[in-house]
Amino acid sequence: MFTALKEYTNEKRLIGFLTNEGNYNVFSFVIIDSITEKFVKKFLYKSEYSKLFMDELLTAANENLFKVIFVDLFELQFKEEQFGNSYKFCKDLKQKFNELKIPSYFFSEERYIFSSFLIAAKIEINFDETVLTILPCKNSSQKSGKFFGLIVAELKFTPNGYVLIKHEILRFLNSKENPEILFQKICGSSTPQKIIASTINCKAAFKKIFKSKNVTFLNEGAHIYYERFIVETAKWFFDKSFIKYYILPISSRNIRIYGYYGTANNILDIINIKLNDPLPFKKIVHYSKSIPQLHVSML
């Protein structure tokens, strides 16, 4: 596969980006030149050929092609039981990258989408200011044309990057409702300094809802900006002071480690990470040997 990249051999200047492609059993490997910041090549793989992709990484390592590889594959689906699930595949990928000494960084689709829209909007924002991103989402009642759905996320800019302080999915908003009421439902008590609204596949009357607010309207999907996203993320990866579009990671699920202390009704929480808690999470716990079993819950 990588013979098409032979002109970059021993230069370590390419940036790779692994992400889902359309349906969730296909992934793409997008390659950008870190010097020219231009698109180079794109390869497609079905999830059933994931092992083939991992084997071909050896060629990339031997030819010193990649400067860094970014991965957004946590939603990838497998027909075969080769890797079991996307988490297992990502874990194996990370091990492979480490063995081949290829720098890598894993993140969720949300991070990719939110960062891409920040890049697309080209807005300037100061520390402690907030930006509200509004993305359309599908729901079963949209066929009537009356209801629409939105994904709403509020980001606060800090010296370490953007903190996600609000994340909601509003599936059944009534397009016939008073714009002021819709504004209240979308923004709640928030007073963001900037608003980015994606209007693609969404018929919501955003101009009426937000009136004179500072809104940037985007009529394109996040994938349009993946080249800029890859380049900007690479800048942060090699220089952690570059936080212009960096979104701090959060937990994508509730993770609880607990034990029964004495009786089944006496539960001892050992570690409890909640959805959207900031990452990385580090905690050292000393627990009594009288707890015979530990239990892990992930929701």
(Q) Restricting to region 131-162, name every residue that is open to solvent by less than 50 Å² (accessible area, probe 1.4 Å) and either modelled with pLDDT under 85 or touching a Lys or Arg at 6+ places or on another chain (Cβ under 8 Å) (or both). (A) Val131, Leu132, Pro136, Cys137, Asn139, Ser141, Phe148, Gly149, Val152, Ala153, Glu154, Tyr162
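Every residue, every condition in (1) assigned to a loop (DSSP other than H, G, I, E, B); (2) of a type in the set (S, T, N, Q); (3) at pLDDT 80 or above, yes or no:
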residue	(1), (2), (3)
Ile224	no, no, yes
Glu227	no, no, yes
Ile230	no, no, yes
Ala234	no, no, yes
Ile243	yes, no, yes
Gly262	yes, no, no
Asn272	no, yes, yes
Asn276	yes, yes, no
Phe281	yes, no, no
(Q) Looking at Glu154, Glu177, can you tell me which residue is in contact with a helix residue (DSSP H, G or I) (Cβ under 9 Å, 6 or more places away or on another chain) and closer than 28 Å to Leu248 by Cα? (A) Glu154
Q: Write out, first by first residue and then by second, each pair whose Cβ atoms fall under 8 Å of each other, whose residues are 6+ apart or on separate chains, and whose first residue, in region 38-54, is within 22 Å of Arg13 (Cβ to Cβ) and touching a residue at least 40 places away in the same chain (Cβ under 8 Å) while the second is open to solvent by 30 Å² or more (accessible area, probe 1.4 Å) and part of a helix (DSSP H, G or I).
A: Lys38/Glu227; Phe39/Glu227
(Q) I need a count of the residues in region 142-190 that are closer than 24 Å to Glu110 by Cβ and outside any helix (DSSP H, G or I). (A) 30
Q) When you scan region 16-77 for strands (runs of 3 or more DSSP E) that lie fully inside it, which ones turn up with 1 or more residues that are closer than 18 Å to Phe106 by Cα and open to solvent by less than 60 Å² (accessible area, probe 1.4 Å)? A) 23-33, 66-72
Q. Among the residues of region 199-222, how many are over 16 Å from Ile119 (Cα atoms) and either modelled with pLDDT of 80 or more or open to solvent by 40 Å² or more (accessible area, probe 1.4 Å) (or both)?
A. 12
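The values are calculated or read from the model by the stated rules, or taken from the named source; none is laboratory data. On a predicted model such as this, the values are computed, not experimentally measured, just so you know. Note that each Cβ is placed from the backbone with ideal geometry, even for glycine, and that neighbours are counted across all protein chains shown. Surface accessibility is based on the protein's heavy atoms, side chains included, excluding ligands, DNA and RNA. Shrake-Rupley method; radii C 1.70, N 1.55, O 1.52, S 1.80 Å.
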